[in-house]
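Remarks on the structure that follows.
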Amino acid sequence: MNVTFWLIAIAVILLIVFLPRVGLFSQWKSYRAAQEREQMEDALKHLLDREQGGRHASPESLAGTLSLPRQKVTRLIEGMETKGLLESRGDQLHLTAEGERWALHVVRAHRLWERYLADEARMPLEQVHTEAHRREHSFTDAQLDELDAALGHPTRDPHGDPIPTREGTLPKAEGTPVTAWPADRPARIVHLEDEPALAYEQILAAGLRLGQDIRILERTPQRVVLSDGENEYRLAPAVASNISVAALPESEALKREAVPLTEIAHDRRAEIVTLDDAVQGFTRRRFLDLGLTPGTVIYPELQNFFGDPRAYRVRGTLIALRKDQAAQIWVKPV
């Protein structure tokens, strides 16, 4: 009786440990494989970032980025060389064509998922980078194509970084650090660097956002003071250097006599002048599908008891817009 019991117990334990696909040993192997893949893809991203910035990656820079001891980094580099993903030339590491293709796939996954989290899941901006980093390693090319189409083929992530195309092209990042921008010229925020996270959180906490128009009021070794015409923003130069700006686009001239739709009084008719440049991807496509195009007449009609969303009449149809959406539609009273 006891012998039979122990034989059954041992058999059950062996099944739990060694059962194909679902056993503990199989799951441990899958976990190790996923961990190694993540390290390899993080390494590819580091090399791509260095090359895009005109610098070369090295074993030391890779060890610092991945927080790995030099011995493990050496094994990682050897494995990636065997797979044909990189080449070592002295103390410099270079991506091969296949390594660059793979790196762009991971970057595309990261930035598209950030776009989804910010636009559709409405996740706070300070959280999207970490969440996207967790998911970026699990997408296939086909899944990314579907996500890209569902989002309306956005060209920038929520921080302003360009999203690689399906063909593997990475558009050039634009912008000049605000710390180097002329003080007498208005500018638009086109990129907010999300690393280091602490600096990014300080920028968001100050109230600065992508697409915001600003002017430099003061710049000293101790602080940088920005203004959007209504509020002032004071930042340490090290934090402000993570903000990139560019000259105001020509479409800005259209807004000089326009106001956000949120400022139109109840039952007051207005004509759409333009959509804010910050409206991208799925949101822009949805606006256009709703008929929110330049020249269209729109007016608020029904007030929600809680204030948000609000009903607007467009082309004889009622549509609902949240306050943050209506603020991105520029109109002029008619």
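Might you check whether a residue that is exposed (fewer than 13 other Cβ atoms within 10 Å of the Cβ), of a type in the set (Gly, Ala, Ser) and farther than 20 Å from residue 175 by Cα occurs anywhere in the stretch 257-268? Don't jump to the end; show me each part of the working.
Initially, the stretch 257-268 is screened for residues exposed (fewer than 13 other Cβ atoms within 10 Å of the Cβ), giving 257, 265-268.
When the remaining residues are screened for being of a type in the set (Gly, Ala, Ser), the result is 265.
From the residues that got through so far, the ones that are farther than 20 Å from residue 175 by Cα too are 265.
Looking for residues that are exposed (fewer than 13 other Cβ atoms within 10 Å of the Cβ), of a type in the set (Gly, Ala, Ser) and farther than 20 Å from residue 175 by Cα, one finds at least one in the stretch 257-268, hence yes.
Scanning the stretch 203-226 for residues that are more than 24 Å from the chain's Cα centre (by Cα) and loosely packed, with under 14 Cβ neighbours inside 10 Å yields a count of 6.
Answer yes or no: is there a residue in the stretch 298-321 that is free of Cβ contacts under 8 Å to residues at least 24 places away in the same chain, over 29 Å from residue 182 (Cβ atoms) and among the β-branched types (Val, Ile, Thr).
Going through the stretch 298-321, the residues free of Cβ contacts under 8 Å to residues at least 24 places away in the same chain turn out to be 302, 304-311, 313, 316, 318, 320.
Filter again for over 29 Å from residue 182 (Cβ atoms), leaving 302, 304-311, 313, 316, 318, 320.
Filter again for among the β-branched types (Val, Ile, Thr), leaving none.
So far as the stretch 298-321 goes, no, none of its residues is free of Cβ contacts under 8 Å to residues at least 24 places away in the same chain, over 29 Å from residue 182 (Cβ atoms) and among the β-branched types (Val, Ile, Thr).
When you look at residue 200, is it buried (at least 17 other Cβ atoms within 10 Å of the Cβ) and either in contact with a Cys (Cβ under 8 Å, 6 or more places away or on another chain) or in a helix (DSSP H, G or I) (or both), yes or no? Even if it seems obvious, please write down each step before you answer.
Working: buried (at least 17 other Cβ atoms within 10 Å of the Cβ): yes; either in contact with a Cys (Cβ under 8 Å, 6 or more places away or on another chain) or in a helix (DSSP H, G or I) (or both): yes.
Considered against the rule, which asks whether it is buried (at least 17 other Cβ atoms within 10 Å of the Cβ) and either in contact with a Cys (Cβ under 8 Å, 6 or more places away or on another chain) or in a helix (DSSP H, G or I) (or both), residue 200 comes out as yes.
Evaluating residue 62 against the criteria (1) over 21 Å from the mean Cα position of the chain (by Cα); (2) farther than 23 Å from residue 135 by Cβ; (3) modelled with pLDDT of 90 or more leaves one unmet condition, (2).
For the stretch 87-118, a tally of residues being touching a Pro at 6+ places or on another chain (Cβ under 7 Å) and of a type in the set (Val, Ile, Thr) returns 1.
For every residue, the table says whether it meets (1) modelled with pLDDT under 90; (2) surrounded by 18 or more Cβ atoms within 10 Å (Cβ to Cβ).
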position: 291; (1), (2): no, no
position: 295; (1), (2): no, no
position: 299; (1), (2): yes, yes
position: 306; (1), (2): yes, no
position: 309; (1), (2): yes, no
position: 313; (1), (2): no, no
position: 318; (1), (2): no, no
position: 331; (1), (2): no, yes
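Among the residues that make up the stretch 170-178, is at least one of them at pLDDT 95 or above, assigned to a helix (DSSP H, G or I) and either buried (at least 17 other Cβ atoms within 10 Å of the Cβ) or out of contact with any Lys or Arg (no Cβ under 9 Å at 6 or more places or on another chain) (or both)? Yes, the stretch 170-178 contains a residue that is at pLDDT 95 or above, assigned to a helix (DSSP H, G or I) and either buried (at least 17 other Cβ atoms within 10 Å of the Cβ) or out of contact with any Lys or Arg (no Cβ under 9 Å at 6 or more places or on another chain) (or both). Scanning the stretch 177-202 for residues that are among the hydroxyl-bearing types (Ser, Thr, Tyr) and under 18 Å from the mean Cα position of the chain (by Cα) yields one hit, 200. The single condition from (1) outside any strand (DSSP E or B); (2) surrounded by 15 or more Cβ atoms within 10 Å (Cβ to Cβ); (3) not β-branched (Val, Ile, Thr) that residue 183 fails is (2).
Being basic (Lys, Arg), modelled with pLDDT of 90 or more and farther than 20 Å from residue 40 by Cα is the filter here; which residues of the stretch 114-162 pass it? Break it down stepwise before answering.
Going through the stretch 114-162, the residues basic (Lys, Arg) turn out to be 115, 122, 134-135, 156.
When the remaining residues are screened for being modelled with pLDDT of 90 or more, the result is 115, 134-135, 156.
Of everything in the stretch 114-162, those that are basic (Lys, Arg), modelled with pLDDT of 90 or more and farther than 20 Å from residue 40 by Cα turn out to be 115, 156.
Take residue 236 and tell me if it is over 29 Å from residue 293 (Cα atoms) and either surrounded by fewer than 17 Cβ atoms within 10 Å (Cβ to Cβ) or not aromatic (Phe, Trp, Tyr) (or both).
On the way: over 29 Å from residue 293 (Cα atoms): yes; either surrounded by fewer than 17 Cβ atoms within 10 Å (Cβ to Cβ) or not aromatic (Phe, Trp, Tyr) (or both): yes.
Criteria met by residue 236.
The values are calculated or read from the model by the stated rules, or taken from the named source; none is laboratory data. Source: prediction; values computed, not measured. Positions of Cβ are generated from backbone atoms using ideal geometry, with glycine treated the same way; all protein chains shown enter the neighbour counts.
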